[in-house]
Amino acid sequence: MEKKIILPSILTLLPAVAAAQARYNIVYIMTDDHTAQMMSCYDNRFVETPNLDRIAADGVRFVNSYVANSLSGPSRACMLTGKHSHKNGFTHNENGIFDGTQQTMPKLLQQAGYQTAIIGKWHLESLPTGFDYWNVLPGQGDYYNPDFITMQNDTVREHGYITNVITDKAINWMEHSRDKSKPFALFIHHKPCHRCWLPEMKYLTAYEDKTFPVPETFYDQHEGRLAAQQQEMQIADNRHMDIVYDTKMYRPGIRTRLSDLYLKMIGRLDSADLQRYNDVYEPMARDFYRRNLTGKQLAEFKYQRYMRDYAKVLKSLDDNVGRTLDYLKQAGLLDNTLVVYTSDQGFYMGEHGWFDKRFMYEESLSTPLVMRLPKGLKARGDIQEMVQNIDYAPTFLQIAGVAVPADMQGTSLLPLLQGKHPKNWRKSVYYHYYEYPAEHSVKRHYGVRTSDGWKLIHFYRDINAWELYNLNDDPNELHNLYRQPGTEQKTAELKKELIRLQQQYDDQAALKFNEM
Ligand code: SGN
Ligand code: CA
């Protein structure tokens, strides 16, 4: 009798025990605004990122990786919940407060016995929930001597350069603070490469002798693309890209829209460092104002300054990812840890004449995603399947042996990491951007992008404009084919797919706008 009772209970325990043994650690490194064009394992025209490339070389590189809503807070909320913005409730940066009482992946990991921690940019306004340890930046945070919000809800100013400080804190937590008897999930959220690209002291002069190639669409006039004509993210336009704040051409007496913010940011430096900083940028500014550049010369000058500063902050980032990998190796954790590197979205590096993100065009719909896999996960090299940031939550749960809740909308990437290629994998992704009116003036839009290179976008509400692209012929998305003769069937097909996705994800509000 007794045996019969004990046996089934042992059997039910077995899968849990097996899962517990394979419970990999997760180190998730996410940067801000780091785009694939500026990561040499994706694109080697501009910079070298040897440490980031190491992750891809030892593991996998996703070549069709997308976000659900190309903006910081929304992207983070998608990642944490495995749900599109309309379901997790965080659709905008502005005025958004993440509902931290909802189900999140870190909470589920925690309940399953994981130690969870987040360090760095959070940007969701409410204080983090679901983490055993957190230490986050207020809002966008600062590059120099940054403030952090502690678990006691105090704001503490740290000494040093943001990327180094975040990495120190992350390594310190792994080495000294966590409960080493438990598996862990650590979220390292870096601030670079967010505006306004303030470099670490040792890289102040890096890339200053480099001239970056101007993208072929730099002088795009956005014909046939109404929303693109109305944006405010032109490098050339001083009302959009500020000559002082963004390109650091400050001289005493000059006032621009963002010059006070700039002075406040660099004013955080210790006085000796501020002197070093000014010793590099002041002569550049003097020379710049002497030259009185206008038109194309001014636009290209600003582009070079933008590229150089972005590349400088990236150098510190690459160093620090290297430092994190070295720590994991030296601590003997690499074999049992999934290391993920991604960004909250892609970014324009002068394509279409722009900086910033938001649009569903390729540069900002995409996000870099590389992973170093623990022993036992066999995939290597490129993964072609379409993946999206709503997939991270279910992936991490599965990796941890935790059941994925039915209301999560993403798909676990575990089969892909095991080297499998499921036949029924998604053939399209759904996108929905909400933040308008807002900085950079990108109109609300949603759309579908298919694995065979088609894209349909609807800009809606105070605009009504559809766009259709065939990326196979027009990878730069310069030719809006919507309403062009011969595209009727394709348009109908994509509209059907769009509606299917809106129904699948239950985006009722968007469904209503289709008929505008
Ligand atoms: C800030 C920036 C914007 C940027 C948003 C959102 N302006 O508001 O250029 O688009 O953040 O970026 S700034 O003058 O404050 O630099 S996000 O990555 O956080 O979504
Ligand atoms: Ca961002």
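What the table below lists for this structure:
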| item | result |
| --- | --- |
| Region 258-275, residues that are closer than 12 Å to Met201 by Cα, in a helix (DSSP H, G or I) and within 31 Å of the chain's Cα centre (by Cα) | Ile266, Asp273, Leu274 |
| Test result for Ser412, out of contact with any helix residue (DSSP H, G or I) (no Cβ under 6 Å at 6 or more places or on another chain), of a type in the set (Gly, Ala, Ser) and either outside any helix (DSSP H, G or I) or open to solvent by less than 20 Å² (accessible area, probe 1.4 Å) (or both) | no |
| Which listed residue is of a type outside the set (S, T, N, Q), in contact with a Leu (Cβ under 7 Å, 6 or more places away or on another chain) and within 30 Å of Gly332 (Cα to Cα), from Lys180, Lys191 | Lys191 |
| When residues of region 326-354 are limited to those that are touching a residue at least 60 places away in the same chain (Cβ under 8 Å) and open to solvent by 10 Å² or more (accessible area, probe 1.4 Å), the one nearest to ligand 2 (Cβ to nearest atom) | Glu351 |
| Qualifying residue in region 241-263 (condition: surrounded by 14 or more Cβ atoms within 10 Å (Cβ to Cβ), farther than 27 Å from Asp147 by Cα and more than 16 Å from ligand 1 (Cβ to nearest atom)) | no |
| Failed condition for Val63, given (1) open to solvent by less than 30 Å² (accessible area, probe 1.4 Å); (2) at pLDDT 95 or above | (1) |
| Cβ pairs under 8 Å, 6+ apart, first in region 195-215 and touching a residue at least 60 places away in the same chain (Cβ under 8 Å), second among the small types (Gly, Ala, Ser) and in a loop (DSSP other than H, G, I, E, B) | Pro199/Ala206; Val214/Gly350; Pro215/Gly350 |
| Residue ID - surrounded by the fewest Cβ atoms within 10 Å (Cβ to Cβ), chosen from residues in region 160-183 that are without any contact (Cβ under 8 Å) to a residue 60 or more places away in the chain and outside any helix (DSSP H, G or I) | Ser181 |
| Considering residues of region 317-345 that are within 19 Å of Ile399 (Cα to Cα), under 19 Å from the mean Cα position of the chain (by Cα) and of a type in the set (A, V, I, L, M, F, W, C) only, the residue farthest from ligand 1 (Cβ to nearest atom) | Leu338 |
| Residues (of a type outside the set (Gly, Ala, Ser) and either open to solvent by 30 Å² or more (accessible area, probe 1.4 Å) or more than 20 Å from the chain's Cα centre (by Cα) (or both)) located in region 117-145 | Glu125, Leu127, Thr129, Phe131, Asp132, Tyr133, Pro138, Gln140, Asp142, Tyr144, Asn145 |
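Residue by residue, here is whether (1) at pLDDT below 95; (2) closer than 17 Å to Phe187 by Cβ; (3) not in a strand (DSSP E or B) holds:
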{"residue": "Tyr310", "(1), (2), (3)": "no, no, yes"}
{"residue": "Gly322", "(1), (2), (3)": "no, no, yes"}
{"residue": "Tyr327", "(1), (2), (3)": "no, yes, yes"}
{"residue": "Val339", "(1), (2), (3)": "no, yes, no"}
{"residue": "Met371", "(1), (2), (3)": "no, yes, no"}
{"residue": "Gly376", "(1), (2), (3)": "no, no, yes"}
{"residue": "Gln398", "(1), (2), (3)": "no, no, yes"}
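The values are calculated or read from the model by the stated rules, or taken from the named source; none is laboratory data. Every value quoted in this text rests on a predicted model; they were computed, and no experiment measured them. FYI the Cβ positions are ideal-geometry reconstructions off the backbone, even for glycines, and counts take in every protein chain you see. For the accessible areas, the whole protein counts, side chains as well, though only heavy atoms, and no ligand, DNA or RNA atoms are used. Shrake-Rupley method; radii C 1.70, N 1.55, O 1.52, S 1.80 Å.
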